[in-house]
Structure formats: structure tokens, C-alpha cells
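**Student:** Please see the structure below; I have some questions.
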Amino acid sequence: MPGRVFLTAPLTEVAAWMGADAGDLSEPPRRNIAPGQEVVVCTAERRLVRMRWGIIPVGRVNARGRPVLDTIVNARSETVFDKSAFEGVGRAVVPVNGWYEWTGAARRKTAWRIRPSDSAPFLAFAAITDRWQAPGGRVLDQVATVTTEPNADVAPIHHRMAVILEPADVGTWLTGSEDAARALCRPWPEGRLHIEEAKDVDWQAP
């Protein structure tokens with residue numbers, strides 16, 4: 001969908017791959033990043049920063065003018081450009097080495113690790129961003145990944161997958177027109193993902 005992501009490569013490698021500036025940002029390998037935690041994000045200015053994964057939609061309303069109450073972790077590409085709840089959001093990219101999905105009933109879940117099957121070390125997830133001013137004046141930058149229909153590789157384990165961008169399309173997503181960005185919201189080509197059971201990952205805790 002993605003449910004969890006992992007980023008284990010040094011941020012200097014991430015920055016080089018994305019043509020971005022990491023500044024003095026650094027962090028240890030992270031093998032199980034959950035919604036609500038901070039993730040590394042590439043902004044429209046090609047800077048790597050940290051943002052909270054999950055948009056708290058304070059002040060956002062739906063088409064009927066009613067408040068949006070659920071935290072937005074993943075935004076559907078079919079509606080992200082049209083729903084009033086997403087009006088004014090920015091665009092960014094979440095670089096990852098891969099992500100996890102789970103299948104099965106509670107207490108008997110199977111974890112699946114999904115990563116590139118070719119020589120590419122990273123995947124670039126299309127994302128939207130928002131800024132929340134919390135009580136007391138604290139400002140919190142937030143991000144939500146954008147999802148689409150699954151390809152044939154992912155469909156057996158989940159009904160959605162992240163919009164994954166080709167490296168050459170990252171700039172279009174970040175700063176291109178809405179129509180150009182919308183055209184990138186499609187399933188990743190089949191055969192370019194490696195999926196394996198991840199017995200070392202706990203679905204209950206990051």
C-alpha cells in the first residue's frame with residue numbers, strides 16, 4: 001500500500017541517486033519504518049529532509065464541507081488531484097530501498113519484503129506534503145505516499161501499491177504541471193520487483 005518501508009542505504013548514496021542535497025542530514029539504517037514516524041523526503045528543491053509519515057488533516061474538508069478526520073498515510077492517485085481535502089498540498093518523493101506488506105489473519109500474518117529486482121538500489125515513491133501548525137506554534141511537515149492499482153507482481157498480496165517513479169520522472173513529479181504529474185500515476189511495470197517472505201519483520205511493531 002505501502003504498509004511499512006525500509007531505507008538502509010547511507011543518505012549520501014540516496015542524495016547522489018536522486019541528484020539531491022542531503023546537507024548534514026544523516027541517520028542509521030532503518031529496516032521497519034511505520035506510519036507516524038519520520039521518513040526521509042526529497043522536496044521540490046531537491047533537498048533531503050525528514051517529514052512525519054501521515055498527514056493530520058487539520059482544517060481540511062471533504063466535498064460536502066465536512067472535516068476530514070482520518071490521518072492520511074496513503075492518498076489515492078485517482079482522487080489526489082481532485083478532492084478538496086488535498087487542495088494546496090505540495091509534491092515530494094520518498095526514497096526507499098523497499099517496502100513491506102502483510103497477508104493473512106491477525107496473529108497469523110505473513111510479512112512480504114518488496115524491493116527492486118534489477119540493479120537500481122532505490123525506489124522513488126510519489127508523495128504529497130502538507131504543513132501542520134500544532135498547538136503552541138510548533139510546525140510539523142508531513143507527507144503521504146500516493147498509491148495506484150497494483151501490478152501483477154503485487155496484486156496477490158495487496159490491492160494497492162505505491163506510485164513508483166522512474167528516476168527521469170522525479171523532476172516532473174516534483175515541479176511539473178498537474179497533468180504531467182497525473183500521467184505518472186500508474187502501476188510499476190511487471191517483473192521489476194523482487195518479493196520474498198520476510199520472517200524477520202514483526203508486523204505489530206516497527
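Coordinate-derived values only; no laboratory data. Quantities reported herein were computed from a predicted structural model and do not represent experimental measurements. Quick reminder, even Gly has a Cβ in these numbers, built from the backbone with ideal geometry, and neighbours come from all protein chains shown.
**Student:** What shape does the chain have by the C-alpha gyration tensor, where a ≥ b ≥ c are the square roots of the eigenvalues, rounded means a/c under 1.5, and otherwise prolate means a/b greater than b/c and oblate the rest?
**Tutor:** rounded
**Student:** Just subtract the alpha-carbon distance of residue 155 and residue 133 from 0.36 nm times their residue separation and send over the number in nm, one decimal.
**Tutor:** Values: separation 22, 0.36 × 22 = 7.92 nm, distance 3.77 nm.
Taking residue 155 through residue 133 to full extension adds about 4.1 nm, to one decimal.
**Student:** Where does the chain land at 222 nm, in deg cm²/dmol rounded to the nearest 500, when only DSSP H runs of n ≥ 4 count, each adding -39500 (n - 2.57), divided by all residues?
**Tutor:** On the way: 3 runs with 20 residues, N = 206.
For the chain, the value works out to -2500 deg cm²/dmol.
**Student:** Can you put 99, 132, 188 in order, fewest other beta carbons within 10 Å first? Don't jump to the answer; show the numbers that get you there.
**Tutor:** Working: 99 27, 132 15, 188 20.
Ordered from fewest to most neighbouring Cβ atoms within 10 Å, 99, 132, 188 come out as 132, 188, 99.
**Student:** Whole-Hz ³J(HN,Hα) for each residue in region 72-86, computed from phi via Karplus 6.51 cos²θ - 1.76 cosθ + 1.60 with θ = phi - 60°, x for glycine and proline: what do you get?
**Tutor:** 8, 8, 10, 10, 6, 5, 5, 10, 5, 8, 10, 5, 4, 5, 9
**Student:** Please pull out the direction-averaged projected area of region 1-46, using the convex hull of its alpha-carbon atoms, in nm² to one decimal place.
**Tutor:** Approximately 3.7 nm², given one-decimal rounding.
**Student:** Could you line up 17, 53 from fewest to most neighbouring Cβ atoms inside 10 Å? Numbers along the way, then the final one.
**Tutor:** Working: 17 17, 53 25.
Ascending Cβ contact count within 10 Å gives the list 17, 53.
**Student:** How do 1, 51 rank when sorted from fewest to most other Cβ atoms within 10 Å of their own Cβ?
**Tutor:** 1, 51
**Student:** Got a sec? Charge dipole of the chain, +1 on Cβ for Lys and Arg, -1 for Asp and Glu; which of 55, 194, 25 is way out at the positive end?
**Tutor:** Towards the positive end, the residue furthest out is 55.
**Student:** Ranking request for peptides 118-128, 74-84: highest mean number of other beta-carbon atoms within 10 Å first, then the rest in descending order. Mind showing how you got there, number by number?
**Tutor:** Values: 118-128: 18.5, 74-84: 16.5.
The packing order, highest mean first, is 118-128, 74-84.
**Student:** Of 136, 161, 42, which is farthest along the charge dipole of region 4-197 in the positive direction, counting Lys and Arg as +1 and Asp and Glu as -1 at C-beta?
**Tutor:** 136
**Student:** With +1 on each Lys and Arg Cβ and -1 on each Asp and Glu Cβ, and nothing else charged, work out how big the dipole of the chain is about its Cα centre, in Debye to the nearest 20. Intermediate values should be presented prior to the final figure.
**Tutor:** Numbers: 25 positive and 25 negative charges, 151 e Å.
Dipole size: approximately 720 debye.
**Student:** Quick one: which residues, 5+ away or cross-chain, put their amide H under 5 Å from the amide H of residue 75? H built at 1.01 Å from N.
**Tutor:** Counting only residues 5 or more places away or on other chains, the set is 145, 146, 147.
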